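What follows is a single structure, written as structure tokens, with notes after it.
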Amino acid sequence: MKPKSQLSDEERVRDFQRKLYLKAKQEVKFRFYALYDKIYLPYVLREAYSRCRKNKGAPGIDGKTFDVIEAEGVCEFLKGIEQELKAQKYKPNMVKRVYIPKANGKMRPLGIPTIKDRVVQMACKMIIEPVFEADFEDESYGFRPRKSAQDAIAKIKKNLTEGLEDIFDADLSAYFDTIPHKELVTLVGLRISDLKILHLIKMWLKAPVWEDGKIGGGKKNKVGTPQGGVISPLLANIYLHILDKAVKRIGGQFHRYGIRIVRYADDFVLMAKTMAKESLEYLEKMLEKMKLQLNTEKSRILNAETEAFNFLGFTFRYDRDLHGRNTKYLNVIPGKKAEQKVREKIDVYLKSNGHRPPIIIVNELNAIIRGWINYFSIPGVSYPQKAKRNLRFYLMDKLYRYYRRKSQRKCKLYNHGAFEVLHKKYGLIDPSKYIPNPAPVNA
């Protein structure tokens, strides 16, 4: 093994995380009491900044972008954070609240911390995450290292093939906005006894929110962790870990009826050969004690053999045999909303970037197409070929109409089929022929 002086910042962080994970795995009741001083180690802050930089993101309430910080000097920026944390003078800024459209037409609130606060949250997350990773159940897939949405989809398919076709498709009402602070911090404290770390988390939970010139949230706020905060997904997983444990508890209300859970953040399904009414009543009471609420309009019980259902953009359904035999096969495909969403994304892009040179348009359209196909292509699990053909037909029609309206000039793009020209001359991806390179799946 290389000496520490030769390790990169990322390698040093991973080495320390490995030690924390092993300690937490070996001693399930151990409470970590001296972690705060690790957060402001120079190599930890450098790695935290690097990860935040890769995630990009809009500036917070102070308007500072990554470009501005780098022009002023990253070393000075991180040194300032280190000194504030060391002197225990760090205080988070207000969180800027914006809204992004959801697939159902409603708006989702998104909290944007400043880059400085994102870096401190990332540093804290890197230090405490391995402790909780040692505890988390395998059936939790959202926002976790080496786990993905594709893993969750593969697990659901595996459960279905094993006969677990009774489904409770659950939806929690405004989960991120309703997590109770007191109960959440208590759960964190079961593993982290460092009061300075707990104080940091409390400050982030109670950071004021800036929205349309008005200030909300603050110390009086007792619920919610803003979507958009770097540490929010980890805190959300810590709180719902209670549910994961309850479902897996040997001899418990779920286990005795053979019920399994597949969870991705606040989206989850319960699966069984026969869904017990008693278990669902228990679930409702349990969530009530956790001060959470099921969205009764969206949550439903179904049998997958006779009714399709959606999860993380995928549709699960049983289709008739293509060769006319009296059998059905399980089809896992991109959902209709997912197909519509990628079309809308292409529409929005062309409306604001259509004036740019074809090579740039192609490169950026390719990023959209490639990302969408890679997400929905899971070897041995999903069957996105028809959706890929649909996307090809859409691109052919959209680009033809777009360039026909755009100009009256004589040009191949306007007269000979824009899709074919952009594909052959500039390398636009043909979705129907694109062979993705998806990540390996761990079901």
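The values are calculated or read from the model by the stated rules, or taken from the named source; none is laboratory data. Just so it is clear, the structure is predicted and the values come from calculations on it, not from any experiment. Every residue, glycine as well, gets a Cβ built from its backbone with ideal geometry; the counts of neighbours run over all protein chains shown. These accessible areas exclude ligands, DNA and RNA; they are computed on the full protein's heavy atoms, side chains included. Shrake-Rupley method; radii C 1.70, N 1.55, O 1.52, S 1.80 Å.
How about the stretch 202-216: which of its residues are of a type in the set (Gly, Ala, Ser) and assigned to a strand (DSSP E or B)? Passing the criteria: only Gly216.
Within the stretch 353-367, being free of Cβ contacts under 8 Å to residues at least 40 places away in the same chain and in a loop (DSSP other than H, G, I, E, B) holds for His355, Arg356, Pro357. Only one of the listed residues (Phe132, Phe136) is touching a His at 6+ places or on another chain (Cβ under 7 Å), open to solvent by less than 20 Å² (accessible area, probe 1.4 Å) and at pLDDT 95 or above. That residue is Phe136. Taken over the stretch 188-208, residues that are open to solvent by 40 Å² or more (accessible area, probe 1.4 Å) and either touching a helix residue (DSSP H, G or I) at 6+ places or on another chain (Cβ under 8 Å) or not aliphatic (A, V, I, L, M) (or both) amount to 5. The set of residues in the stretch 233-260 being part of a helix (DSSP H, G or I) and closer than 13 Å to Ala276 by Cβ consists of Val247, His255, Arg256, Tyr257.
Out of all the residues in the stretch 368-389, which are part of a helix (DSSP H, G or I) and either open to solvent by less than 10 Å² (accessible area, probe 1.4 Å) or closer than 16 Å to Arg317 by Cα (or both)? The answer is Ile369, Ile373, Phe376, Gln385, Lys386, Ala387. Of all residues in the stretch 280-293, none are more than 16 Å from Leu243 (Cβ to Cβ) and open to solvent by 30 Å² or more (accessible area, probe 1.4 Å). Is it the case that some residue within the stretch 153-171 is open to solvent by 10 Å² or more (accessible area, probe 1.4 Å) and at pLDDT below 95? Looking through the stretch 153-171, at least one residue is open to solvent by 10 Å² or more (accessible area, probe 1.4 Å) and at pLDDT below 95.
Scanning the stretch 2-44 for residues being open to solvent by 90 Å² or more (accessible area, probe 1.4 Å), in a loop (DSSP other than H, G, I, E, B) and within 28 Å of Cys75 (Cβ to Cβ) gives a total of 1.
Restricting attention to the stretch 316-336, the residues that are part of a helix (DSSP H, G or I) and at pLDDT below 95 total 0. For the stretch 300-324, which positions are in contact (Cβ under 8 Å) with a residue 24 or more places away in the chain and either surrounded by fewer than 17 Cβ atoms within 10 Å (Cβ to Cβ) or more than 24 Å from Gly258 (Cα to Cα) (or both)? The answer is Arg300, Ile301, Leu302, Asn303, Glu305, Asn310, Gly313, Phe314.
The rows are residues; the columns are (1) open to solvent by less than 40 Å² (accessible area, probe 1.4 Å); (2) among the aromatic types (Phe, Trp, Tyr).
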| residue | (1), (2) |
| --- | --- |
| Pro233 | yes, no |
| Leu243 | yes, no |
| Ile250 | no, no |
| Arg256 | no, no |
| Tyr264 | no, yes |
| Met271 | yes, no |
| Thr274 | no, no |
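Within the stretch 225-239, the residues that satisfy the criterion of being under 15 Å from Val188 (Cα atoms) and in contact with a Phe, Trp or Tyr (Cβ under 8 Å, 6 or more places away or on another chain) are Thr225, Ile231, Ser232, Pro233, Leu234, Ala236, Asn237, Ile238. Of the residues that sit in the stretch 409-440 and are closer than 12 Å to Ser377 by Cα and either open to solvent by 50 Å² or more (accessible area, probe 1.4 Å) or of a type in the set (Asp, Glu) (or both), which one is modelled with the lowest pLDDT? Looking at residues that are closer than 12 Å to Ser377 by Cα and either open to solvent by 50 Å² or more (accessible area, probe 1.4 Å) or of a type in the set (Asp, Glu) (or both), I get Ala439.
Residue under question is Lys219, and the condition is that it be assigned to a loop (DSSP other than H, G, I, E, B) and open to solvent by 20 Å² or more (accessible area, probe 1.4 Å); does it hold? Considered against the rule, which asks whether it is assigned to a loop (DSSP other than H, G, I, E, B) and open to solvent by 20 Å² or more (accessible area, probe 1.4 Å), Lys219 comes out as yes.
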